[in-house]
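Here's the structure, in structure tokens; my notes come after.
The values are calculated or read from the model by the stated rules, or taken from the named source; none is laboratory data. Since the model is a prediction, treat every value here as computed from it, not as a measurement. In this analysis, Cβ positions are derived from the backbone assuming ideal geometry, glycine residues included, and neighbour counts consider all displayed protein chains. Surface accessibility is based on the protein's heavy atoms, side chains included, excluding ligands, DNA and RNA. Shrake-Rupley method; radii C 1.70, N 1.55, O 1.52, S 1.80 Å.
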Amino acid sequence: MTDLDSKTAQQQGNEFSEADAIEKAKFGDAQAFQALYDKHKRRVYSLCLRMTANTAEAEDLTQEAFLQLYRKIATFRGESAFSTWLHRLSVNVVLMHLRKKSLPVVSLEETTQGGDDDTPRKDFGAEDLALAGSIDRLQLQRAVDDLPPGYRTIFVLHDVEGYEHNEIATIVGCSIGNSKSQLHKARMKLRDLLKLNRAEKAESA
């Protein structure tokens, strides 16, 4: 067997091992569940951290997400990729946490009709070129962490996790227009935070 054949066989084995782990975990196999946890814990933690901007909360919510997975894995039917299904479950865990903290995940008063900060009018779904270009990743992450929880949630779901506005509306429980409005305002706020950060760096230089 060539190295390429060996690598292909190993990749196929890994694919089958996850499917096998899922099926065994459905019947309470602890080792199979541990294998799923080990494979997906980093991505789930990363998602929780981006949405909460708090390491302690992210750790707790990662554990909660896998507890929910343990309870609900029997309902997984394979209609989507397992990673996608787990991702949505984790998003819901974080959103439930934010609601319990009484943080406004989405302010429903702030519709697309908005206030003065919406002018000049923009296409809410369009790419914000002001955020494009060479922005230091750490600087950007700090600015995202400083966003109000509602703005940060929509920004992370759309611009980081790649959800469409209709999906976000369903997940969060708001209108599509409201999701677009929140994203627009999150980008404007983020741009202001980045400008402020650059100004502070220039002053201290």
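Peptides 55-67, 83-95, 29-41, 174-186 ranked from most to least packed give 174-186, 83-95, 55-67, 29-41, packing being the mean of other C-beta atoms within 10 angstrom over each peptide's residues. In terms of accessible area, using a 1.4 Å probe and ignoring ligands and nucleic acids, Arg198, Arg42, Arg77 rank largest first as Arg42, Arg77, Arg198. Of the whole protein surface, Met188 contributes about 40 Å² of accessible area at a 1.4 Å probe radius.
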